[in-house]
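Chemist: Okay, here's the structure, questions in a sec.
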Amino acid sequence: MTLPAPSPDDPPYLRGLNPPQREAVLTSDGPVLVLAGAGTGKTAALTARLAHLLYTRKAYPSEILSVTFTNKAAREMRERVGRLVGDAVEGMPWLGTFHAIGAKMLRRHAELVGLQANFSILDTDDQLRVLKQLIIAADLDEKRWPARQLAGMIDGWKNRGMVPTDLDAGDREGFANGRGQEFYAAYQARLAALNACDFGDLLLHVLTILKREPAVLEQYQQRFRYIMVDEYQDTNTVQYLWLRLLAQARKNICCVGDDDQSIYSWRGAQVENILKFERDFPGAKIIRLEQNYRSTPHILAAASGVIANNSGRLGKTLWTAEESGEKVRVIGVWDGPEEARRVGEEIESAQRQGTSLDKIAILVRAQHQTREFEDRFIAIGMPYRIVGGVRFYERMEIRDALAYLRIVHQSADDLAFERIVNVPKRGLGDKAVAKLHMLARATGVPLTTAAARILDSDELTPQARRSLGNFVLDLARWRQMANDLPHPDLARQILDESGYTGTLQAEKSVEASGRLENLTELVRAMEEYETLGAFLEHVSLVMDDEANAGEAKVTIMTIHAAKGLEYDNVFLVGWEEGLFPSQRALDEGGTASLEEERRLAYVAITRARRKAVILHAANRRIYGQWTSSIPSRFVGELPPAHIESESSMAGGESLWRANWSERADPFADVARGTGRGPGWQRAAGGSFVREPARVVEARASAVSLGNKGRADLSVGMRVFHQKFGYGAIAEIEGNKLEIDFEDAGRKRVIDSFVTIG
């Protein structure tokens with residue numbers, strides 16, 4: 001295909017695109033894989049391609065399936081296309097996330113898998129409650145065989161597109177001595193009885209329908225003239241199979257992704273899906289987007305130097321027309337607290353130079369790393385926010401309110417009934433609820449029906465029968481009101497008449513006041529949806545964090561959470577062997593996990609627009625224990641021409657590079673599956689890496705006195721350190737000292753490195 005040269009008469013969506021982006025837009029027919037590196041404008045290309053299909057009338061809006069991974073991405077796509085082609089985007093019912101589109105398909109064909117069209121979508125909490133009930137009913141020890149473990153296994157099977165009959169002996173053996181298949185089947189049967197499904201079912205059920213019902217498959221194959229998929233490297237097996245079936249007839253599928261940013265194997269993503277695209281679709285066209293519009297050349301070179309060590313990749317080289325900017329800085333510090341202090345100082349310096357805190361991020365590999373920074377920032381008054389806290393729809397009062405709405409909307413939702421039958425307190429104890437369960441199971445009816453029937457017996461105490469009777473009448477009245485009353489008004493009515501609002505008002509506490517405000521916000525959010533059912537489905541599918549208004553704040557988050565984001569200044573902390581790459585990942589996954597950890601490092605570096613600072617500590621307290629370490633192998637893979645290194649430890653500037661350069665093959669141990677990170681010595685077989693003599697000597701000197709500490713030192717004593725000079729001891733913890741140095745500020749040092757001065 002010969003592409004037309006750019007012209008002033010080009011439609012708006014083509015203007016400003018570089019040649020590879022134009023090629024991705026104009027190559028409309030046949031299978032296309034767009035390898036879009038970090039910051040290369042893939043969203044612009046994807047949006048323009050969608051606009052092109054609509055603008056040239058190659059397909060009606062309802063004939064395009066456009067799949068994203070997040071609701072935010074779907075909204076952004078819809079808004080961008082709307083600005084380019086106008087109202088046509090409003091007629092695109094098949095633009096959304098995998099799960100949203102799966103839910104829409106499933107509601108159309110629910111009866112084919114034994115459900116009704118108004119099925120409920122369970123969240124994780126409800127899923128665990130069902131599984132716990134099944135485990136207890138099977139007379140198993142829930143502590144030994146926890147519901148969360150079983151939930152993870154079932155989720156994994158569903159991600160792989162497996163129904164209970166697909167499990168092999170190895171799968172079955174993973175739970176309760178070979179009963180995994182039995183519990184999976186029982187769980188699916190229980191969901192069917194509840195007229196419910198979990199998130200995995202939204203795609204698994206649709207895949208089952210497409211496989212079993214040729215007429216339904218043909219219907220969708222003919223409907224979707226074009227298929228577009230964003231973040232293809234993050235697809236799991238069931239998503240991959242789902243897409244491949246839909247695309248087989250026309251083969252007009254365009255997948256956009258980056259094999260170097262596949263970092264979600266822990267939730268089922270298979271990087272192999274993007275690597276085998278050409279095999280799945282022979283004759284596919286591969287288009288590489290390599291011009292980066294985000295980062296400086298030094299940052300891109302650093303990221304490229306690291307990711308080049310991976311073998312499982314299709315390959316591309318990022319470049320930019322930007323000026324060189326600053327080199328990536330690599331800073332070695334003594335321990336975690338010093339790392340937090342150093343980052344705080346660097347941020348304060350950037351602030352003084354005019355950088356907004358909103359443009360600064362600290363990226364950690366593991367959640368436990370954040371505490372040091374929280375403590376430090378609180379001490380110095382640095383505004384910050386932790387991304388990944390309790391979400392709005394996960395708060396207790398919101399979940400209670402949603403349970404009321406769910407049971408009114410769908411009377412067979414036993415899980416919702418259980419949650420609020422005694423919330424607020426109605427005098428219905430565990431025994432009364434247990435009797436309800438027994439009757440429901442014995443007669444095969446939902447708990448709401450069992451509640452109405454048990455009122456005609458003497459199974460309950462008079463008080464419990466009276467309370468339950470009032471609750472049953474309330475539910476019936478609210479369901480009748482739902483036919484005529486707008487659903488936001490219905491929610492207010494339910495919260496007031498149930499006594500929930502009154503209970504919180506009676507508490508008269510700051511916490512209760514906040515909960516009431518949250519409920520007010522919940523009702524306000526409902527006004528944006530046409531029906532109660534649409535709102536409840538939205539809640540099930542969307543768990544976006546609420547944006548924090550107010551002052552600028554430093555963002556602290558995991559690298560996984562940072563994917564897709566960018567900041568002017570990025571601090572990459574904890575780059576030590578065992579922490580990053582994660583020792584647990586290496587132990588469990590070997591070479592494959594090492595390559596994913598390296599992709600994670602690539603993602604981390606490419607979040608930075610102007611400045612990237614990598615920090616590693618010689619000592620770190622992990623789960624209450626101090627651990628010595630050496631810098632991450634990824635530090636050793638950074639190209640020397642694009643970094644500047646420094647260390648707060650004497651002679652430390654070159655230790656990390658010397659350590660890795662003296663290794664004959666830094667990946668051999670992991671490739672054999674026998675490696676343990678430096679500093680985490682194996683009980684037998686020696687260490688993972690041959691350390692230089694000077695590193696061994698320094699470490700031996702530092703730990704020569706063990707953790708007992710010197711008896712001749714005390715708080716307030718004046719001491720001398722060869723690097724930091726004179727100072728006074730502020731704190732003593734074993735053999736570790738906090739010293740306020742006259743010139744260097746507060747530092748944490750080992751007591752064997754100071755003399756009484």
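The values are calculated or read from the model by the stated rules, or taken from the named source; none is laboratory data. In this text the structure is predicted, and so the values were computed from the model without any measurement. Using ideal geometry, Cβ is built from the backbone for each residue, glycine included, and neighbour counts are taken over all protein chains shown. Each accessible area value is taken on the protein alone, full model and side chains, heavy atoms only, with ligands, DNA and RNA left out. Shrake-Rupley method; radii C 1.70, N 1.55, O 1.52, S 1.80 Å.
Chemist: Which one is modelled with the highest pLDDT, of the residues in the stretch 510-547 that are in a helix (DSSP H, G or I) and of a type in the set (Asp, Glu)? Write out each step before concluding.
Modeler: Of the stretch 510-547, the ones in a helix (DSSP H, G or I) are 510-526, 532-541.
Next cut, of a type in the set (Asp, Glu) only: 511, 517, 521, 537.
Values: 511: 70, 517: 76, 521: 76, 537: 86.
Out of the qualifying residues, it is 537.
Chemist: To continue, here is another question. Could you list, in sequence order, all residues of the stretch 206-249 that are open to solvent by 30 Å² or more (accessible area, probe 1.4 Å) and either assigned to a loop (DSSP other than H, G, I, E, B) or acidic (Asp, Glu) (or both)?
Modeler: Passing the criteria: 213, 218, 225, 231, 248, 249.
Chemist: Go through the stretch 458-469 and give me each residue that's open to solvent by 40 Å² or more (accessible area, probe 1.4 Å) and either assigned to a loop (DSSP other than H, G, I, E, B) or in contact (Cβ under 8 Å) with a residue 12 or more places away in the chain (or both).
Modeler: Within the stretch 458-469, 458, 459, 461, 463 meet the criteria.
Chemist: Could you list, in sequence order, the residues of the stretch 22-41 that are over 30 Å from the mean Cα position of the chain (by Cα) and over 12 Å from residue 228 (Cβ atoms)?
Modeler: Listed by number, the residues that qualify are 22, 23, 26, 27, 29, 30.
Chemist: State which residue is modelled with the lowest pLDDT when the search covers only the stretch 40-69 and only residues that are under 25 Å from residue 567 (Cβ atoms) and open to solvent by 20 Å² or more (accessible area, probe 1.4 Å).
Modeler: The residue in question is 69.
Let's see how each residue does on (1) touching a Leu at 6+ places or on another chain (Cβ under 8 Å); (2) in contact (Cβ under 8 Å) with a residue 60 or more places away in the chain:
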position: 184; (1), (2): yes, no
position: 194; (1), (2): yes, yes
position: 202; (1), (2): yes, yes
position: 207; (1), (2): yes, no
position: 212; (1), (2): yes, yes
position: 228; (1), (2): yes, yes
position: 238; (1), (2): yes, yes
position: 244; (1), (2): no, no
position: 249; (1), (2): no, no
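Chemist: What number of residues in the stretch 518-532 are closer than 13 Å to residue 492 by Cα and acidic (Asp, Glu)?
Modeler: Result for the stretch 518-532: 2.
Chemist: Of everything in the stretch 288-319, what is assigned to a strand (DSSP E or B) and buried (at least 18 other Cβ atoms within 10 Å of the Cβ)? Give them in sequence order.
Modeler: 288, 289
Chemist: Here's something else I'd like to know. Search the stretch 48-60 for residues that are in contact (Cβ under 8 Å) with a residue 12 or more places away in the chain and pair each with any residue that is crowded, with 20+ Cβ neighbours inside 10 Å and of a type in the set (S, T, N, Q) when their beta-carbon atoms are under 7 Å apart and the residues are at least 6 apart or on different chains.
Modeler: Within 7 Å, the pairs are 50/66.
Chemist: Which of the residues belonging to the stretch 92-134 are touching an Asp or Glu at 6+ places or on another chain (Cβ under 7 Å) and farther than 17 Å from residue 189 by Cα?
Modeler: Within the stretch 92-134, just 103 meets the criteria.
To keep it simple, each residue is scored yes or no on (1) part of a helix (DSSP H, G or I); (2) touching a Leu at 6+ places or on another chain (Cβ under 9 Å); (3) over 23 Å from residue 251 (Cβ atoms).
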| site | (1), (2), (3) |
| --- | --- |
| 50 | yes, yes, no |
| 54 | yes, yes, no |
| 66 | no, yes, no |
| 73 | yes, no, yes |
| 82 | yes, no, yes |
| 99 | yes, yes, yes |
| 105 | yes, yes, no |
| 115 | no, yes, yes |
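Chemist: While we're on this one: Out of the stretch 414-445, which residues are under 25 Å from residue 192 (Cα atoms), open to solvent by 40 Å² or more (accessible area, probe 1.4 Å) and in a loop (DSSP other than H, G, I, E, B)?
Modeler: The one that is under 25 Å from residue 192 (Cα atoms), open to solvent by 40 Å² or more (accessible area, probe 1.4 Å) and in a loop (DSSP other than H, G, I, E, B): 444.
Chemist: Working only within the stretch 492-528, note down all residues that are within 28 Å of residue 98 (Cβ to Cβ) and open to solvent by less than 60 Å² (accessible area, probe 1.4 Å).
Modeler: If the condition is that a residue be within 28 Å of residue 98 (Cβ to Cβ) and open to solvent by less than 60 Å² (accessible area, probe 1.4 Å), then 522, 525, 526 are the ones that fit.
Chemist: Which one is most open to solvent (accessible area, probe 1.4 Å), of the residues in the stretch 170-192 that are touching a Gly at 6+ places or on another chain (Cβ under 8 Å) and closer than 21 Å to residue 140 by Cβ?
Modeler: 173
Chemist: Turning to a different aspect of this structure: Taking the conditions exactly as written (outside any loop (DSSP other than H, G, I, E, B), open to solvent by less than 60 Å² (accessible area, probe 1.4 Å) and acidic (Asp, Glu)), does residue 125 satisfy them or not?
Modeler: In short, yes.
Chemist: If you go through the stretch 195-204 one residue at a time, do you hit one that is out of contact with any Lys or Arg (no Cβ under 8 Å at 6 or more places or on another chain), assigned to a helix (DSSP H, G or I), within 24 Å of residue 33 (Cα to Cα) and open to solvent by less than 10 Å² (accessible area, probe 1.4 Å)?
Modeler: no
Chemist: Can you tell me which of 278, 326, 322 is part of a loop (DSSP other than H, G, I, E, B), surrounded by fewer than 18 Cβ atoms within 10 Å (Cβ to Cβ) and touching a residue at least 40 places away in the same chain (Cβ under 8 Å)? Before you say what the answer is, go through the steps one by one.
Modeler: Values: 278 fails: part of a loop (DSSP other than H, G, I, E, B); 322 fails: touching a residue at least 40 places away in the same chain (Cβ under 8 Å).
When all the criteria are applied, what remains is 326.
Chemist: I'd like the full set of residues that are over 17 Å from residue 156 (Cβ atoms) and either among the basic types (Lys, Arg) or at pLDDT 95 or above (or both), limited to the stretch 168-190.
Modeler: Matches in the stretch 168-190: 186, 189, 190.
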